[in-house]
Amino acid sequence: MYEGEIASVLVTEQQIQDKINELAKQIAADYARDGVTGDLLLVGVLKGAVMFMTDFARALPIPAQLEFMAVSSYGSATSSSGVVRILKDLDRDIAGKHVLIVEDIVDSGLTLSWLLKNLASRNPASLEVCSLLRKPEAVKVDVPVKYVGFDIPNEFVVGYGLDYAERYRDLPYIGTLDPKVYSS
Ligand code: PRP
Ligand code: MN
Ligand code: MG
């Protein structure tokens, strides 16, 4: 699939699934330790986090409810504009809930920084972030991300929810895009 468009595989399907199981166990243990009894509220950030959200929710050994928010900062460009738009808001009030934002990637951090402020103002009981990927070299604004799957180099990556111009989200692994794809 996508013959000649993927330059390399950065994180394999197996590595993703192993990491998800590890994160799910750790996160369940942390919430149990903190005495959280009610269901966790996962807020998946559409569209990038959709694959991670569904795999993570199924791996999590404690009950969790699913909500989605859609925000967009990139359009079809490969670098962040810093402009965040709400395309779809949550369907309900999160006041008093234990909220865990589920993201695919922290790149510049602008999306999450904005989202954390936005959700914090709705008075959840707790608010944390779990991101599958993070690019430490690309961070423009410092965001408190409690759970990170993989720190990756500052290269443009696609797959497992991450797109370039809406393509490649359906790959089961994370790969780097051949530069010819976005230079043409
Ligand atoms: C991507 C990605 C993160 C965000 C990270 O989403 O899924 O949500 O950018 O970038 P940042 O840290 O520089 O803000 P995008 O806006 O492309 O929307 P999408 O999830 O629908 O692809
Ligand atoms: Mn996204
Ligand atoms: Mg995108």
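Say we look at the stretch 147-177 and pick out the residues that are surrounded by 16 or more Cβ atoms within 10 Å (Cβ to Cβ) and more than 16 Å from LEU132 (Cα to Cα); which of these is modelled with the highest pLDDT?
Of everything passing the filter in the stretch 147-177, TYR168 is modelled with the highest pLDDT.
Only one of (1) open to solvent by less than 20 Å² (accessible area, probe 1.4 Å); (2) under 24 Å from LEU162 (Cβ atoms); (3) touching a residue at least 40 places away in the same chain (Cβ under 8 Å); (4) not aliphatic (A, V, I, L, M) fails for LYS88. Which number is that?
Status for LYS88: all satisfied but (1).
What are the residues in the stretch 1-17 that are surrounded by fewer than 12 Cβ atoms within 10 Å (Cβ to Cβ) and at pLDDT 95 or above, if any?
SER8, GLN14
Among the residues of the stretch 128-146, are any near ligand 1 (Cβ under 10 Å from one of its atoms), in contact with a helix residue (DSSP H, G or I) (Cβ under 9 Å, 6 or more places away or on another chain) and open to solvent by 60 Å² or more (accessible area, probe 1.4 Å)?
Within the stretch 128-146 (the criterion being near ligand 1 (Cβ under 10 Å from one of its atoms), in contact with a helix residue (DSSP H, G or I) (Cβ under 9 Å, 6 or more places away or on another chain) and open to solvent by 60 Å² or more (accessible area, probe 1.4 Å)), the answer is yes, since at least one residue qualifies.
Return the residues of the stretch 18-57 that are open to solvent by 60 Å² or more (accessible area, probe 1.4 Å) and out of contact with any strand residue (DSSP E or B) (no Cβ under 6 Å at 6 or more places or on another chain); say none if nothing qualifies.
ASP18, ASN21, GLU22, LYS25, GLN26, ALA32, ARG33, ASP34, THR37, LYS47, MET51
The values are calculated or read from the model by the stated rules, or taken from the named source; none is laboratory data. Since the model is a prediction, treat every value here as computed from it, not as a measurement. Neighbour counts are summed over all protein chains in view; Cβ atoms, including those assigned to glycine, are modelled from backbone coordinates with ideal geometry. Ligands, DNA and RNA are excluded from the accessible area calculation, which covers all protein heavy atoms including side chains. Shrake-Rupley method; radii C 1.70, N 1.55, O 1.52, S 1.80 Å.
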